[in-house]
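Notes follow once the structure below has been shown.
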Amino acid sequence: METITDATYQAAAKVAGRVEAHFQKHLSAAKENGDDDLAVVPEARQVEKMIDVAFWASLRKEEGNPIRISLAFLPPSQAGKPLLFEKPLLLTPQLLTKLAPGVERPGIHVGVWAAGDELYVWGTTIKLPNLCFVLDVSEPGLLVVKHRRAAGLGKFTNVAVLRGDQVKVVNEDSGLLPDSPPILQSLLGLTSSCLWNNGVNVLIQIAVSMRAHKRGGILLVVPSKGDAWRESIIHPLQYPITPAFSGVADLLRYDGKSVTEIFWQNALRREVENITGLTAVDGATIVNEEQELLAFGAKITRAKDAWPVDKVLLSEPVEGGVPALIHPSAIGGTRHLSAAQFVHDQHDAHALVASQDGYFTVFSWSHQQQLVQAHRIDILLI
């Protein structure tokens, strides 16, 4: 049987040039800032080849299981203490299919590098240089181009998402708009923090975990001072927490002196899962800005003397995306309408809404527009 070696996945060619330009832009800025341990930018043809091979591999199965794998473009010399093959192996869908069961766990990357006009797999690594090109096969036909943050902490920054014949390239400038919520700015890499105990970084982990459990849910983030938010909740609360549960909050206040970073991160992951598991319960989970858990299973209602929310400004941080004024029920079901009404009544609050189908929306109040804005950010959470 003849093996085709030329790229045949058309979306790969469509997006390759824009991906190279993105990495060139960020690497140039990082060099000007004096950052070190920087990755090498792959050429457009190399990006195209990696995406093409990964896409066809994603449609295969190994022993009945779909392929999940992460590719990173870097030489072994930048990989710390890599696992090296005796000889580099030509990058093909067949190779990735066979390797996938051994490297599917988070944090393990298959190292890819160029030799002449070909790309080869040289081994695996858990260490990447700053702004390293990474290509994740998340599920059949779904690929995500991303890079490691320069600070080296938190979720990787997504650059583009390819789902079959659909290509979405992230528009970083969307986070520069007035009243953009902090979680959006951080996901776009505009305000990323190198601090372990940065509250926005933790909120991103909560969002990723909410989306991962695939049951849908609402997380309401309310001010730490004041109880005005209670006017928008039906009483008595189904599951009030007294005193407020401070598992995540205590870790955010941690000063880093008594335990290692790895211990802290593992402890935080457990506490995050503790909170996000509750978002699967019918109703809203409520935390304050210090990430203290106040209640879950709460039913949202319209506050006294408040008007029903009749429109929100929906946007998605992708190139070519145009914000649209729509009724909140057009975004999703009752969950989205309730979250929009809550933010409409409680301007200092945020609502994070996960859908069972993987969509994820952040509702916040725009003081400039004087209306609720809905940011669809699932493209940044994959």
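The values are calculated or read from the model by the stated rules, or taken from the named source; none is laboratory data. Quick caveat: nothing in here was measured; it's all calculated off a predicted structure. All Cβ positions, even for glycine, are placed from backbone atoms using ideal geometry, and neighbour counts span all protein chains on display. Ligands, DNA and RNA are excluded from the accessible area calculation, which covers all protein heavy atoms including side chains. Shrake-Rupley method; radii C 1.70, N 1.55, O 1.52, S 1.80 Å.
Quick look at the values:
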quantity: Entries in K87/K127; K155/K304; K14/K127; K25/K311; K146/K299; K31/K214 that, when Cα-Cα distance is taken, lie over 28 Å; calculated: K155/K304; K14/K127; K25/K311; K146/K299; K31/K214
quantity: Heavy-atom SASA rank of F263, F23 (probe 1.4 Å, accessible area, largest first); calculated: F263, F23
quantity: Mean residue ellipticity (222 nm) of the chain, computed from DSSP H runs ≥ 4 via -39,500 (n - 2.57), nearest 500; calculated: -9000 deg cm²/dmol
quantity: Relative contact order, percent, region 311-382 [alpha-carbon distance under 8 Å, six or more residues apart]; calculated: 31 percent
quantity: At q = 0.14 Å⁻¹, base-10 log of I(q)/I(0) for region 1-84 (Debye sum, equal scatterers on each alpha carbon); calculated: -0.66
quantity: Fraction of alpha-carbon pairs over 17 Å apart in region 273-382 - percent; calculated: 54 percent
quantity: Accessible area (Å², 1.4 Å probe, nearest 10) - D117; calculated: 130 Å²
quantity: Residue-normalised accessible area of region 254-327, given per residue in Å² at a 1.4 Å probe; calculated: 56 Å²
quantity: Whole-percent pair-distance distribution, where bins are 10 Å wide, for the alpha carbons of region 317-366; calculated: 24, 53, 22, 0
quantity: In degrees, nearest ten, helix 261-278 long axis to first principal axis of the chain (Cα); calculated: 50 degrees
quantity: Percent RCO, i.e. relative contact order, over the chain, from Cα pairs under 8 Å lying at least 6 residues apart; calculated: 14 percent
quantity: Extension gain, H367 back to I262 (0.36 nm per residue minus Cα-Cα distance, nm); calculated: 33.9 nm
quantity: Cα-projected label distance for T242 with H213, points at 7 Å along beta-carbon direction, nm; calculated: 2.4 nm
quantity: Between helix 10-32 and the chain: long-axis angle, C-alpha atoms, 0 to 90°, nearest 10; calculated: 80 degrees
quantity: Theoretical gain in end-to-end length, V281 to E43 [0.36 nm per residue, Cα-Cα removed]; calculated: 81.0 nm
quantity: Order of exposure, largest accessible area first, which applies to R211, R269 with probe 1.4 Å; calculated: R269, R211
quantity: Tilt relative to the chain, helix 44-58 - C-alpha long axis, 0 to 90 degrees, to 10; calculated: 70 degrees
quantity: Where K214, K304, K25 fall by accessible area, highest first, once all protein chains stay in place (1.4 Å); calculated: K304, K214, K25
